Amino acid sequence: MKCYWIHRRVLTAGLCLLAAAGMLYVVNHPAIVGASATTRQLPVYCVARDQKVAALTFDAAWGDVR
């Protein structure tokens, strides 16, 4: 029976590469890209709340209409 030891540095590098490959797969998957490209999200203008709260937003890239 042979026992193989993996150094922590090699294991960490392998897990990071595996995580990066998984993220690239999810981001570039055609079904996910197609689904997100077909739906257009509209801005939220108001939300009903029981408490008094304030929100400040900056729409810097809303469009090119002046």
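Straightening the chain between V10 and R49 buys 9.0 nm, computed as 0.36 nm per residue apart minus the Cα-Cα spacing. When K2, K52 are compared by accessible area at a 1.4 angstrom probe, the order from most to least is K52, K2.
The values are calculated or read from the model by the stated rules, or taken from the named source; none is laboratory data. What you are looking at is a predicted structure, and each value in this text was computed from that prediction instead of being measured. With ligands, DNA and RNA removed, areas are computed over all heavy atoms of the protein, side chains included. Shrake-Rupley method; radii C 1.70, N 1.55, O 1.52, S 1.80 Å.
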